[in-house]
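Worksheet: one structure, shown below.
The values are calculated or read from the model by the stated rules, or taken from the named source; none is laboratory data. Since we're looking at a predicted model, the values are computed, not measured. Please note: Cβ atoms are built from the backbone with ideal geometry, for glycine as well, and neighbour counts cover all protein chains shown.
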Amino acid sequence: MFFLLVGNPEYGSLAMRHMSNCVLDFKVIPGASTTEFADLKAEVIRVRVSAPPERGKANKESIRFIAKSLGIPKANIVLLSGETSRKKRMLVNGMAKDEVMQNLHRKE
């Protein structure tokens, strides 16, 4: 099994790649007027979601939005950590980090 660790030590962010999977860090901002990406250029991707931060609604909305933006099923995105925090780490199955970032930048 081969792992490639990519990250900026200055920010402590980590993106882990294994074949065509990657782990990305997100900051989810619930209760926004619309669901959108706020910042794709930073080490931590900021996402504004219209869902409130209660009973996992913001988590579900962020996963739905990211999956739709990438054109992949919601089941391909797994919340690894940050269930009750704004800072989240998500596994994207079936796509490498470079491919994810290219697809997200096309949606801007």
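For beta carbons closer than 8 Å, sequence separation of 6+ or different chains, a first residue in region 17-29 that is at pLDDT 95 or above and surrounded by fewer than 21 Cβ atoms within 10 Å (Cβ to Cβ) and a second that is of a type in the set (Lys, Arg) and not in a strand (DSSP E or B), the qualifying pairs are Lys27/Arg86; Ile29/Arg86. Does Lys107 qualify as being modelled with pLDDT of 90 or more, among the basic types (Lys, Arg) and out of contact with any His (no Cβ under 9 Å at 6 or more places or on another chain)? No; evaluated as a whole, the condition is false for this residue.
Among the listed residues Leu80, Leu5, identify the single one that is modelled with pLDDT of 95 or more, in a strand (DSSP E or B) and either surrounded by 14 or more Cβ atoms within 10 Å (Cβ to Cβ) or on the phi < 0 side of the Ramachandran plot (or both).
Leu80
Of the residues making up region 35-87, those that are of a type in the set (Val, Ile, Thr), touching a residue at least 24 places away in the same chain (Cβ under 8 Å), within 23 Å of Ser20 (Cβ to Cβ) and in contact with a helix residue (DSSP H, G or I) (Cβ under 9 Å, 6 or more places away or on another chain) are Ile45, Ile63, Ile66.
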